[in-house]
Amino acid sequence: MTGPQATVPKEEVLFLGHPAVLPGIGALLLAILTLGLGYLYYWARSRGTEYKITTRRITIERGLLSKRLEQIDTYRIKDYVVERPLGQRLLGTGNIQLLTVDATTPLVELRGLPTDVMVLYERLRLAAEAERTARAVRVVEEQ
């Protein structure tokens, strides 16, 4: 086949991992006050969720024994909310909420991300815009 072919950008992983075991100061204090028992609870809760954020999709796998998988394509994201409460900022974690045009998953919450959420937000926003451009998709606001 000859002629120009559309090149699809390679999917790049922006974040892969679990939420922070201790997402904030409150969780840290509870873990200390319960002599580590609270830490075990937070550890199990953290290991029960895995986030994979790429330039094309966001995948959330939940559950320790039984698993549930949620996926949203980045081009379907219409708005972002970055939350960085004081306790999470002190521990280097944060939250990102994604408002989507997906009927089954209109709100995606990425909680306790152990990374610089502002940098992740910017990279995710640019990736979503690039995906919309590549797919010739526009998000239309309802009035």
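Side notes on the structure shown:
- With both labels modelled 7 Å from their Cα along Cα-to-Cβ, the V139 to V119 distance reads 2.4 nm.
- Built amide H within the under 5 Å cut-off of T49, gap 5+: G63
- Overall, the chain carries a charge dipole of about 280 debye about its Cα centre when +1 sits on the Cβ of Lys and Arg and -1 on the Cβ of Asp and Glu, all other atoms neutral.
- Low-density loop cleavage sites - trypsin sites (Lys or Arg not before Pro) in the range 67-143, where at most 12 other Cβ are within 10 Å (DSSP): K67, R138
- V108, V137 arranged by Cβ crowding within 10 Å, fewest neighbours leading: V137, V108
- Theoretical ellipticity at 222 nm over the chain - DSSP helices of four or more residues, -39500 (n - 2.57) apiece, nearest 500: -9500 deg cm²/dmol
- Couplings 3J(HN,Hα) for the range 72-79, derived from phi with the Karplus relation 6.51 cos²θ - 1.76 cosθ + 1.60 (θ = phi - 60°), are 9, 6, 5, 5, 8, 7, 10, 7 Hz, where x marks Gly and Pro.
- Checking [x] 0.94; [y] 1.62; [z] 1.06 against Rg/Rh (Cα atoms, Kirkwood Rh) calculated from these atoms, the matching label is [z].
- A Förster distance of 30 Å, applied to the separation of the beta-carbon atoms of A130 and A44, puts the FRET efficiency at 0.25.
- Amide proton proximity set for R57, modelled H, under 5 Å, gap of 5+: T74
- Rounded to the nearest 10 degrees, the angle from helix 37-47 to the longest Cα principal axis of the chain is 10 degrees.
- Crossing angle, helix 117-135 versus the chain [Cα axis fit, 0-90 degrees, rounded to tens]: 20
Every read-out reported here was derived from the displayed coordinates using simple, explicitly stated rules and does not represent laboratory data. Being a predicted model, the structure only gives us computed values, none of them experimental. Here the Cβ is made from the backbone with ideal geometry for all residues, glycine too, and neighbour counts use every protein chain on show.
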